[in-house]
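Written below as structure tokens is the structure these notes are about.
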Amino acid sequence: MSSQSFLIISQVFPPDPAAVGQYFDEAAQALRARGAQVTLLTANRGYDDPEQRFDAFEERNGVAVRRLPASSFGKASMPVRLFGQLSFLVQCLLRALFKRGLTDLLVSTSPPMCGIVAVLVGWLRPSVKVHYWVMDLNPDQAVALGVFGKRHPLVLAMDWLNRRILKRANTVIALDRFMQARLEAKLPQAPVIPTQSATLVLPPWPMGQHVASVAHADNWFRQQQGWTDKFVVMFSGNHSWVHPLTTLLDAAEQLQDDPRFVFVFIGSGKGKQEVEDRIAKLTESHKSPLLISLPYQPLETISYSLSAADLHVVSLGDTMSGIVHPCKIYGALAIGRPVLALGPRESYLSDLLGEHDVGWSVSHGDVAATVTALRTAADLSQAERDAIGQRARDLIQQRYNREQMIAQFTDCVGMMDDWL
């Protein structure tokens, strides 16, 4: 791999807390560790908080990180987001077209139109290998959410772009079998990947360098929050419309008279307003809410916040299977915590929980089943909790081993000559 020169494009990147950026950080450093020259292009401002400004240049373990100006203006409105994305992509395209010695281009779906750069570079520099890491699917997501109709011009344009990049890519990485099926459906007359290319279904690996299990007795974060004698149910991450929380909030309201429970929502996003509204409603009714809203926690202390939970919640919208793939389940299992999954029967969450006794799966809207699952989890003895924790850690070590999955990733995008 020593002769390879990678250009990686991701609008989000650490210290921005978005998970996509963290995965690109690990992938870039893994490629660099195997001898490739790696340059990463990203925005110079935070995605959730555009007031955050980052250095224009940084070297991270040999990876050259270049942060481009006028590339992110936050998520205040769709036009604002689109303007920032287009500005970012134009700058990335110019750098990719004129970068000397470029052999490989790695793009994802952050921003959603990043495929434009991959397609144009692929056409104009045919010797460059294009690697497409699919983190989510658009316009599928926008259509599923009802933002656009199936025949909207932007939807048709995005679908055209998806077909172009799938035909051009040397490597396509999907996160689960449902996502792979959706990609294949976009090219009904041909394989999703040309025969001379490599394909891989690879879930997001656990964030091992940030996530470590901390015992409750040693957890200053849990003690600081006053949760010493509580059963902590936690949703941590992006509060998005694709991860609906209404069923969990309704269940929490039904359990407000059970003093064991506290429900914690850490992170931000448009869906966070529903949490804030529910807290306000309970406060106005003079009830004692056990709902707590906290912002994203710093990466250097995230092990403490995640380990403060007794049960982690993962939510996937009913129409989102194969479109998005919440990665928080792997972090929860890595620290030995059971999971409550809210989502459709046909999804990677159901696959995982159906095969392994590490949590509970319920449907959106089934508040009674959610309450039952929460009470069952809280009623477990310490020995039963320890047994679930051990099964969860064993599952991560055996099937979702971080080092092995990173090696799979670098093998796929970094050793193309061996595939051809």
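The values are calculated or read from the model by the stated rules, or taken from the named source; none is laboratory data. Worth saying up front: this structure is predicted, and the values here are computed from it rather than measured. Glycine gets a Cβ as well: all are built from the backbone with ideal geometry, and neighbour counts include every protein chain shown.
Structure above, values below:
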{"item": "Which listed residue, of Ala383, Ala334, Ala308, Ala369, is more than 17 Å from the chain's Cα centre (by Cα), crowded, with 20+ Cβ neighbours inside 10 Å and assigned by TED's automatic domain parsing to the domain that holds Lys230", "result": "Ala308"}
{"item": "Leading residue by the ranking (farthest from the chain's Cα centre (by Cα)) among those in the range 231-248 that are over 16 Å from Ser361 (Cα atoms) and at pLDDT 95 or above", "result": "Phe231"}
{"item": "Helices (runs of 4 or more DSSP H) contained entirely in the range 250-343, each with at least 2 residues that are under 27 Å from Ala144 (Cβ atoms)", "result": "272-284, 328-334"}
{"item": "Close pairs (6 angstrom Cβ cut-off, 6 or more residues apart or separate chains): over 21 Å from Leu380 (Cβ atoms) in the range 319-348, part of a loop (DSSP other than H, G, I, E, B) and acidic (Asp, Glu) anywhere", "result": "Ser321/Glu346; Val324/Asp136; His325/Asp176; Pro344/Asp318; Tyr348/Asp176"}
{"item": "Candidate set from the range 140-165 (those that are under 16 Å from Arg182 (Cβ atoms) and part of a loop (DSSP other than H, G, I, E, B)); member that is nearest to the chain's Cα centre (by Cα)", "result": "Leu145"}
{"item": "Verdict on Ala392 being in contact (Cβ under 8 Å) with a residue 40 or more places away in the chain, in contact with a Leu (Cβ under 9 Å, 6 or more places away or on another chain) and over 30 Å from Ala174 (Cβ atoms)", "result": "no"}
{"item": "Candidate set: the range 226-239, residues that are touching a strand residue (DSSP E or B) at 6+ places or on another chain (Cβ under 8 Å) and assigned to a loop (DSSP other than H, G, I, E, B); chosen: the one farthest from Val339 (Cα to Cα)", "result": "Trp227"}
{"item": "Some residue of the range 293-303 being among the aliphatic types (A, V, I, L, M) and either surrounded by 22 or more Cβ atoms within 10 Å (Cβ to Cβ) or not assigned by TED's automatic domain parsing to the domain that holds Asp229 (or both)", "result": "no"}
{"item": "Some residue of the range 146-158 being touching a Leu at 6+ places or on another chain (Cβ under 9 Å), buried (at least 16 other Cβ atoms within 10 Å of the Cβ), in contact (Cβ under 8 Å) with a residue 24 or more places away in the chain and farther than 13 Å from Ile9 by Cα", "result": "no"}
{"item": "Single unsatisfied condition, Val367 versus (1) farther than 26 Å from Gln223 by Cβ; (2) modelled with pLDDT of 95 or more; (3) touching a Gly at 6+ places or on another chain (Cβ under 9 Å)", "result": "(3)"}
{"item": "Filter result for Val413 (in a helix (DSSP H, G or I) and modelled with pLDDT under 90)", "result": "yes"}
{"item": "Answer from Ala198, Ala181 - the residue that is in the same structural domain as Asn162 (by TED's automatic domain parsing), more than 18 Å from the chain's Cα centre (by Cα) and at pLDDT 90 or above", "result": "Ala181"}
{"item": "Test set (1) within 18 Å of Ala19 (Cβ to Cβ); (2) at pLDDT 90 or above; (3) β-branched (Val, Ile, Thr) - Val262 fails condition number", "result": "(1)"}
{"item": "Subset of the range 301-330 [in contact with a Phe, Trp or Tyr (Cβ under 6 Å, 6 or more places away or on another chain) and polar (S, T, N, Q)]", "result": "Ser305, Ser321"}
{"item": "Search result, residues across the range 349-376 that are part of a helix (DSSP H, G or I), β-branched (Val, Ile, Thr) and free of Cβ contacts under 8 Å to residues at least 40 places away in the same chain", "result": "Thr372, Thr376"}
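Okay, residues lined up against (1) part of a strand (DSSP E or B); (2) at pLDDT below 90; (3) among the polar types (S, T, N, Q):
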| position | (1), (2), (3) |
| --- | --- |
| Thr39 | yes, no, yes |
| Tyr47 | no, yes, no |
| Asp55 | no, yes, no |
| Ala96 | no, no, no |
| Leu105 | yes, no, no |
| Met113 | no, yes, no |
